[in-house]
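What follows is one structure encoded as structure tokens, with my remarks underneath.
Readers should treat all values here as calculations from the given coordinates under stated rules, not as data from a laboratory. Because the structure is predicted, anything quoted here is derived from the model rather than measured. All Cβ positions, even for glycine, are placed from backbone atoms using ideal geometry, and neighbour counts span all protein chains on display.
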């Protein structure tokens, strides 16, 4: 019973860590910008890169990924459990971190789309699966130049890669839930894709030295 209290506390901690809106904080601290009012209005790395600068976008990407990686890594290294229980906990803790990012308590439940946080979760669980999903992302973006489509394709492919490995069914179910959440958060992008007006990825220079520009349909 005591261990279950620790497990539940870990999931709550993962949600609270996932809720930290790093993009919002960095935008305000670095550029004095409310990132929710510029560009796509999203707090994710892509909008930060576009509106604050590539370097700070990459910092946001790293921090958002760590929101998933740290709590799942804590399950592996600090919580004693059987291998089966450990994978169930990894899935639940990862899901809590993702929900924190997508629906952060610190920002009136208005968060990002969760791609970076999900990446962090599964880098801690199965780096090989992340590598294959990353290859799908790059292939889709290189072919069609839609970041949103690449993100959804990568997320939806992840449960399949996990099923090939030696992972529990419950972890795979949790990964399906996470991939569907990410797809749901891209619902506006999906509508634009069907209508044929989803902007494609492009890089261009502008006059205020922000070298990465992307349309307002940010994937993060």
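Summarising the label geometry, the points placed 7 Å from Cα in the beta-carbon direction at residue 164 and residue 31 lie 3.8 nm from one another.
Cα centroids of region 64-78 and region 1-19: how far apart, whole angstrom? For region 64-78 versus region 1-19, the Cα centre distance is 12 Å. What is the angle, in °, between the Cα long axis of helix 127-144 and the longest principal axis of the Cα atoms in the chain? Nearest 10 is fine, range 0 to 90. Taking the Cα atoms of the chain, the angle to 127-144 is about 20 degrees. Shape analysis of the chain based on the Cα gyration tensor places the equivalent ellipsoid semi-axes at 30, 20, 14 Å, largest first.
Take peptides 171-183, 86-98 and line them up by average Cβ neighbours within 10 Å, highest first, as a rough protection proxy.
In decreasing order of mean packing, 171-183, 86-98 become 86-98, 171-183.
Once both axes come from the Cα atoms, what is the angle between helix 54-78 and the longest principal axis of the chain, in degrees from 0 to 90, rounded to 10? Computed tilt is about 0 degrees.
Annotation: peptides 58-65, 70-77, ranked by per-residue average of other Cβ atoms within 10 Å with the highest first, follow the order 58-65, 70-77. Relative to the longest principal axis of the Cα atoms of the chain, helix 2-18 runs at roughly 0 degrees. A full extension of the chain between residue 142 and residue 8 corresponds to an added length of 44.1 nm, given 0.36 nm per residue minus the alpha carbon distance. Computed per residue of the chain from DSSP H runs no shorter than four, each worth -39500 (n - 2.57), the mean residue ellipticity at 222 nm is -22500 deg cm²/dmol.
For the peptides 186-194, 110-118, residues were scored by their other Cβ atoms within 10 Å and the scores averaged per peptide; the highest-first order is 110-118, 186-194.
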